[in-house]
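Everything below concerns the one structure shown next.
The values are calculated or read from the model by the stated rules, or taken from the named source; none is laboratory data. Since the structure is predicted, the reported quantities are computational estimates derived from the model, not experimental observations. Counting neighbours? That spans all protein chains shown, and the Cβs are built from the backbone with ideal geometry, glycine included. The area values use the complete protein model at the heavy-atom level, side chains included, leaving out ligands, DNA and RNA. Shrake-Rupley method; radii C 1.70, N 1.55, O 1.52, S 1.80 Å.
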Amino acid sequence: QVQLVESGGGLVQPGGSLRLSCAASGMLFSVNAMGWYRQAPGKQRELVARCTSGGSTNYADSVKGRFTISRTNATVYLQMNSLKSEDTAVYYCKLRNGLVAQDDYWGQGTQVAVSS
């Protein structure tokens with residue numbers, strides 16, 4: 001029904017920048033929110049940033065001031081600046097195509113590695 005395609009991950013040195021993109025396609029009848037999550041090896045998946053259809057945004061405390069989420073229709077972006085080694089993780093795009101979590105869709109993930 002819904003497909004999310006992520007891109008933009010890669011290897012970057014500390015202090016560098018990356019821009020992640022997530023393009024959604026399919027039966028997008030009610031996109032209530034889109035966001036980015038990440039999961040490092042051995043750690044729990046966590047919210048990085050999200051935006052609602054109303055335009056509000058939320059950020060994890062660890063990325064405030066460094067990451068910026070934006071959305072144009074069915075594409076969501078994550079601009080990541082001043083990257084730290086602690087940002088190393090697989091980043092997943094999520095879309096809520098309805099009112100409840102049952103309507104959530106996830107991308108395949110794109111790996112971000114921050115290392116000197």
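By the beta carbon rule, with partners counted only under 4.7 Å, the chain holds these lone Cys residues: C51.
With all protein chains present, how much of the accessible area of region 28-116 (probe radius 1.4 Å) comes from carbon and sulfur, to the nearest whole percent? Here it works out to 45 percent. Applying 1/(1 + (r/R0)^6) with r as the Cβ-Cβ distance of D61 and S85 and R0 = 22 angstrom yields a FRET efficiency of 0.80. Exposed loop sites here are trypsin sites (Lys or Arg not before Pro) assigned a DSSP state other than H, G, I, E or B and surrounded by at most 15 other beta carbons within 10 Å; excluding them, the longest clear run of the chain is 1-42.
Under 20 Å Cα-Cα from K43, which aspartates and glutamates qualify once same-chain neighbours fewer than 8 residues away are excluded? Within reach: D61, E86, D87. Taking all protein chains together and a 1.4 Å probe, the residues D103, D61, D87 rank D61, D103, D87 from largest to smallest accessible area. Within the listed set L20, L99, L47, the residue fluctuating most in the Gaussian network model of the chain (springs between alpha-carbon atoms under 10 angstrom) is L99.
Give the separation of the Cα centroids, region 85-115 to region 35-56, in Å. Between the Cα centre of region 85-115 and that of region 35-56, the gap is 6 Å.
Before anything else, pin down the relative contact order of the chain: Cα pairs under 8 Å, at least 6 apart, normalised by residue count, whole percent. Averaging sequence separation for qualifying contacts and normalising by length gives 37 percent for the chain. The residues of the chain expose on average 53 square angstrom of accessible surface per residue, using a 1.4 Å probe on protein heavy atoms.
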